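S.K.: I'd like to ask you about the structure that follows.
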Amino acid sequence: MDALKQYLFPFLISNLLCGRCVLASLIKPLLARIFLALVFLWAGWVNSGYAIRNPAIYLEYKDLTPLPVYREFIKGFFALHTRMIVIMIAFFQFMIFIGMLTKNGWFRLACLGGIIFGIAIAPLGIGSAFPATLLMAWAFYILFRKYGHDYIWKPKQYLMPVMHDPDK
């Protein structure tokens, strides 16, 4: 409960923004795309910077997760390889950012990456602003399933929703 008090403001903002992102993915998908792209650009930049300058900061997540398996992973393997793992995560966050700008296959691959990322860090609890990351994953899923996508700089693509047929 102390962690929630300490991180209450970022927790509330994250959940509010991710909840709005779900709504945007249904109503204004271009806004959801821009938001998710910027979130992953920012996350990749921040994580790569901390991984280089102060990777030990990530070990604090062991105190925030309610799951023993995550806590033991952070204290064990992750503690031994923090810089490498976080740089790899940052690289994939940058790839999700780039994928959000592209069209069709690359875009859909970025959505899958965002879904996996959101679900994977949800067990960090307050450290990932749970349930914000699940809301984010849901927004990615809606974008993945509901629309055919072109490059992000072609905003007219969303004037008429096109249901994507995953069998094509």
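S.K.: What is the angle, in °, between the Cα long axis of helix 29-53 and the longest principal axis of the Cα atoms in the chain? Nearest 10 is fine, range 0 to 90.
M.R.: 30 degrees
S.K.: Averaging over all projection directions, find the projected area of the Cα convex hull of the chain and quote it in nm² with one decimal place.
M.R.: Averaging across all directions leaves 10.0 nm² for the Cα convex hull.
S.K.: Separate question: With θ set to phi - 60°, apply the Karplus curve 6.51 cos²θ - 1.76 cosθ + 1.60 along region 111-125 and write out the HN-Hα couplings as whole Hz, x wherever there is a Gly or Pro.
M.R.: These are the phi-based 3J(HN,Hα) values: 4, 4, x, x, 5, 4, 4, x, 6, 5, 8, 4, x, 6, x Hz.
S.K.: For Leu4 paired with Ile98, estimate the spin-label separation in nm (one decimal), with each label point 7 Å from Cα along the Cα-to-Cβ line.
M.R.: That separation, rounded to one decimal, is 4.1 nm.
S.K.: How far apart, in nanometres, would the label points at Ile13 and Leu159 be if each is projected 7 angstrom from Cα along the Cα-to-Cβ direction?
M.R.: Going by the 7 Å Cα→Cβ label model, 3.7 nm.
S.K.: Also: Going by Cα centres, region 81-149 and region 12-27 are how many Å apart?
M.R.: Each part reduced to its Cα centre gives a spacing of 15 Å.
S.K.: With axes computed from alpha carbons, what is the tilt in degrees of helix 132-146 against the longest principal axis of the chain, rounded to the nearest 10 within 0 to 90?
M.R.: 20 degrees
S.K.: Okay, next question. For labels at Lys75 and Ile87 in the simple 7 Å Cα→Cβ model, what's the distance in nm?
M.R.: About 2.8 nm separates the two model spin labels.
We did not get these values from a lab; they are worked out from the coordinates using the rules stated. Treat the numbers as computed from the prediction; the structure is a model and nothing was measured. Here the Cβ is made from the backbone with ideal geometry for all residues, glycine too, and neighbour counts use every protein chain on show.
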